[in-house]
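Enquirer: Dropping the structure in here first, questions after.
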Amino acid sequence: MPDTPQLLMFIAAGWLLNLTPGPDVLFIVNQALKSGVRAGLVAALGIVSGCFVHVFAAALGVGALLAASVTAFTVLKWLGAAYLTWMGLRLLLKRPGASAVVPAQPEPDQAVVDMHRIYLHGFLTNVLNPKVALFFLAFVPQFIAPGATDKVAVFLLLGLLFSLNSLPINFGYAWLAAWAASRVQVVQRTLHWLDRIAGVMFVGFGLKLAMSDNPAH
């Protein structure tokens, strides 16, 4: 493991990077605005679960394959771009009345299904973005000492630490969005416009991902 100063620098860098808005943050905020803080927290957990997949994949060499193989990168890139675009179009085409901040109380089974769906969407938003795998492959090794005896184990520990450290930031976004939705009346009246804005941004993220090149080529 890195020494204490390097470890603190790693944690601080991770928090700064997670504060930067992107598809993950947008998804968390949108879910918290629409369905409350619980939905935002569940979305954050889905996204962190996706990070775990990338960490293990990068540690086992899949990240290196994505960096080296145009075909592998392209396949996952288009899957991720299609998913982000699909989510954006769903938000853009949603009926205005479907974006109430305080929804009617669902049946217990339906509530469970909805939370499962939010978790799955958060997971897929992250895991289908090949740039996350490439990020871990590029960022984490900088904090591994050249003389480390088991670099794979250190990579896994640092990757998991980075992912878990994102939870306070993502939970904070969820709490802040839910607080605003429950107290700011103008947010409640215009929430369907936020869906439209989020939809446009998701489509934009999808198009940006679709047009991105493999950094290794």
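Just so you know, all these numbers are worked out from the coordinates, no wet-lab data involved. Nothing here was measured: the structure is a model prediction, and the numbers come from that model. Here the Cβ is made from the backbone with ideal geometry for all residues, glycine too, and neighbour counts use every protein chain on show.
Enquirer: Quick one: grab Rg to one decimal and Dmax as a whole number for the range 111-151, Cα atoms only, in Å.
Expert: Here Rg and the maximum Cα pair distance are 16.4, 51 Å.
Enquirer: Using a basic spin-label model with each label point 7 Å from the Cα along Cα→Cβ, how many nm lie between residue 117 and residue 142?
Expert: Computed distance between label sites residue 117 and residue 142 equals 4.0 nm.
Enquirer: What pairs in 77/208; 34/208; 94/131 have C-alpha atoms more than 18 Å from each other?
Expert: As for pairs spanning more than 18 Å Cα to Cα, those are 34/208; 94/131.
Enquirer: Now for a different question. Could you give the length gained by full extension between residue 60 and residue 9, i.e. 0.36 nm per residue of separation minus their alpha carbon distance, to one decimal place?
Expert: Full extension of this stretch gives 15.9 nm more.
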